[in-house]
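Structure record follows, encoded as structure tokens.
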Amino acid sequence: MLGIVYAHPEVASARGIDRLHRSTHWSGGFIERSPVSTTKGVSMATLIRNNRFINMGQGVVLVILALALFACADSGSEGGSVPTAQTGALISGTVSGTRIVAVNSSDEVVAQDDTAGRVPNAQSQYAWSLTNLPIGTNLRIFFITGGTVYPLYFGNPSTNVFAVNNAGSIDLGHVTTAGNQATAQVPPTGVTPGSPNGTLPSSVAPTLTVSSPSNNASLPNGAVTIAFATNNFTISAINQSHLHFFLDSDPAPYHFYSGSPGQVLYQNTPEANAQWLSNSQIRFPALAVGTHQVRLVLANSADLDLTNPDATKTIVFSVGASSGNPPTVTITTPVQNGALPAGPVTVSFTTQFFAIGLPGQPHLHIYLNGDSTPYMFHAGAGIDVSNGVLYNGVHTHSMHWKTDQSVDIFGLSSAGHTVRLVLADAGHNELTNPDATKTVNFSVLSSVTGDLQLQSVLSDLNFPVGLAQAPDGRIFFNERLTGRVRIINPPNPQWLLQSAPFCQLTIATSGEQGLLGLALDPNFADPNNRFVYVYHSASSPLRNRVVRYTDSGGVCVNETIILDNLPASTNHNGGIILFGPDGKLYVVIGDAENTANSQNVTSLAGKVLRVNRDGSAPSDNPFFSNANANAQKVFSLGHRNSYGMTFHTQTGDLWETENGPADNDEINRIVSGGNYGWPTVRGVANNPNFRDPLLAYVSVIAPTGIISIPETSTVYPPAYRNNLLFTAWNDGRIRRMVLNGANLTGLGSSSTAFNGGQGGLLSLMLGTDGYVYVSNASAIFRVVPQ
């Protein structure tokens, strides 16, 4: 299920709109707990330890949230020291023994504490505190005990995200840890609840690493030692959090417990063939000559394996010589010939006697349908959704790394599909033994009926984007990867693609580069105008450009450069262009994979630009007084990457879709001078320095095109008038946003209008016939009511 975050209604009305927020970060780290003076000579921690709270059994926590700017009291007293003033929030309390972590909206640790080694009070509770937490910033608090992470939840509806509003203290009373969360006895007051975030930050999740031997190592005959380390997890004694490890293909786990000494049990019996060497080392005294696999998994006090990806590590090595154990890959999902719902498809797999590594190491090739070019799948330290799957050496939106043993495939149409997995060595040579290759066939079902459906009007196209209809009825569009601008002759009654391209450009096409945007001049109908503007990536040097052509009988002439040397990278190039009601050209540019660009007003990356038709800066732009020529063109900043913009047909407001990193895709209303937060914040951050989005998706959908339905529409139901429709690549859906308020700047509701089934969707266009048109990677469709 997709998590959807709505802007707080008071924030939406006070600020008028919505913005985008992304992630850059406070530099969090361990902050030493220091006593805070509350009474002369008595620290707050001492007061907490000496209080009379009772009946605090295991898993019950007394938490006090206190915000204080502690001023110097009795500064002239003899022998005393002036206490240091606090610059943020203090959260403190007692606990039965655990680690406590606070993270900000960027999932960075801003404070942490660990009660290990402390002396408990009379109730066997340990004092803890988190200091210098930011005020007015969304936080989450986690209690980590017994191998389990318990996020603190409160309120109705329940949430685990909050920002403390003002200086003061907040007493939550007893906080119980049970099930999968910590629950406060007394809900906090003086805080602003945020939308719940059920993700487990990597900075908090228990993790396991193996330091030796290295993957695919060749070891001499003799004892083998596996060395490992844990983070956010403590390996303890029996009936507490511990380690499981599996040897070769044996499904029964060995149980590793710490102690002085620790022990290894196999089926409740001490095991001589696998020995405790230290609290972070396992010794195998007599492994047979050959190839072996050891899989280590963190386990909680209930003897259950933890399921987060970094809680499991697999190591493959050979002793003495390679053996007859062939490397194998097994596809676990989907099932062979399974029928799956429309939307992203997860392919999961396991390997035996083969360790998938980093680039330059053994890895996995994944083939999709009839494509002969493999997606390269990697795993290990530093691998995530941004770099775990590469296609022709770059990140792709068709397939994403999900875990060390799974991928998500996006944009699949309702049809039959084939995925083939092949193990490959460090030199990209595919292994030839039969079990090194596995294939799964499955089908994607047609979508469940929604309010809207798609009627194909033209197929067999090559990645059509940038649809724009001229006054004479012709439709212009870009072929993103060929460099051709094409024309569809007026529907009469059928659409007919003009055989010769309108224009052929030389473009760069790596990653998200290409022929990206197209706009027709507002005065295109004037015989002395006929201007067509396109945005494209170019090489030598790599850059993005906006160029203008003149339509002469269906052929482009008179190339004129409007904007050149725009920031470019493999990904995050933006590229959407359109004219506003004011006659100005609006251009969105991504951050060019350098997040610092977005908050630098003198860089054109991570911006929406507003320029005159010749590329010059209008004098009423928000930063026109800045001496820097780039800043003078900036209309808004703090953007990551966008594939869609539109002007509302009734209000003239500019709306934009924004792609988040691995979370918080956004829908924003763009205003002059607005800062949408990337990379400092993302999603609904409630930070007065930035503009929140009207809508944010915690689980990414990759929103693309966006369009508004006219107030005068006779094609769509009356309830759709003045609504926004936007498309998504990941699940191929069309979503509907109902706007409310006198100026149509608030969010009334959001829903799915078309449930997918035509693959990932790209560009939207409002036709002169009143219908909305949408493209996917190979066709254009008319969007019609059901």
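The values are calculated or read from the model by the stated rules, or taken from the named source; none is laboratory data. Quick caveat: nothing in here was measured; it's all calculated off a predicted structure. No Cβ is skipped: glycine too gets one built from the backbone with ideal geometry, and neighbour counts run over all protein chains shown. These area figures cover heavy atoms from the full protein model, side chains too; ligands, DNA and RNA do not enter into them. Shrake-Rupley method; radii C 1.70, N 1.55, O 1.52, S 1.80 Å.
Quick look at the values:
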{"read-out": "Rounded to whole Hz, the Karplus (6.51, -1.76, 1.60) HN-Hα couplings of the range 270-275, x for glycine and proline", "value": "x, 10, 6, 7, 9, 10"}
{"read-out": "Unit Cα scatterers, Debye sum, the range 590-667: log10 I(q)/I(0) for q = 0.20, 0.21 Å⁻¹", "value": "-0.93, -0.99"}
{"read-out": "Karplus 3J(HN,Hα) series, Hz, for the range 456-463 with 6.51 cos²θ - 1.76 cosθ + 1.60 (x for Gly, Pro)", "value": "5, 10, 7, 10, 6, 9, 10, 6"}
{"read-out": "Difference of contour (0.36 nm per residue) and Cα-Cα distance, Thr346 to Asp303", "value": "12.7 nm"}
{"read-out": "Computed Rg/Rh of the range 437-531, alpha carbon atoms with Kirkwood Rh", "value": "1.09"}
{"read-out": "Theoretical gain in end-to-end length, Ser372 to Asp435 [0.36 nm per residue, Cα-Cα removed]", "value": "20.7 nm"}
{"read-out": "Charge dipole (debye, nearest 20) of the range 566-719; +1 at Cβ of Lys and Arg, -1 at Cβ of Asp and Glu", "value": "280 debye"}
{"read-out": "Stretchable slack from Ala662 to Gln498, in nm (0.36 nm times residue separation minus alpha-carbon distance)", "value": "55.0 nm"}
{"read-out": "Lys pairs, the chain - Cα-Cα below 25 angstrom, 8 or more residues apart or on other chains", "value": "6"}
{"read-out": "Portion, in percent, of the accessible area of the range 468-578 that falls on carbon or sulfur, probe 1.4 Å", "value": "47 percent"}
{"read-out": "Spin-label pair Asn387/Ser616, simplified geometry with 7 Å Cα→Cβ offset, distance in nm", "value": "4.5 nm"}
{"read-out": "Residues whose placed amide H lies under 5 Å from that of Gly517, excluding near-sequence neighbours", "value": "Tyr535"}
{"read-out": "Cα-based convex hull, the range 623-672, per residue volume (Å³, whole number)", "value": "88 Å³"}
{"read-out": "Viscosity 1.306 mPa s, temperature 10 °C, Stokes-Einstein D of the chain from Kirkwood C-alpha radius, µm²/s", "value": "55 µm²/s"}
{"read-out": "Spacing of the two label points (7 Å from each Cα toward its C-beta) at Glu559 and Arg283, in nm", "value": "7.2 nm"}
{"read-out": "In order through the range 196-201: 3J(HN,Hα) via Karplus (6.51 cos²θ - 1.76 cosθ + 1.60), integer Hz, x for Gly, Pro", "value": "x, 10, x, 6, 9, x"}
{"read-out": "Paired Rg and Dmax values of the range 188-255, which use every Cα atom, in angstrom", "value": "18.9, 65"}
{"read-out": "Sites Ala339 and Ser202, calculated FRET efficiency, Cβ-Cβ separation with R0 45 Å, nearest 0.05", "value": "0.85"}
{"read-out": "Per-selection Rg to Rh, the range 225-358 - Cα, Kirkwood hydrodynamic radius", "value": "1.02"}
{"read-out": "Cβ crowding within 10 Å averaged over residues, with 524-534, 600-610 ranked highest first", "value": "600-610, 524-534"}
{"read-out": "Computed over the range 420-463, the ratio Rg/Rh where both radii use C-alpha atoms and Rh is Kirkwood", "value": "1.28"}
{"read-out": "Globularity ratio of the range 695-786, using Cα Rg and 2.2 N^0.38 Å", "value": "1.05"}
{"read-out": "Along each principal axis, Cα extent of the range 516-628, largest first, Å", "value": "44, 33, 20"}
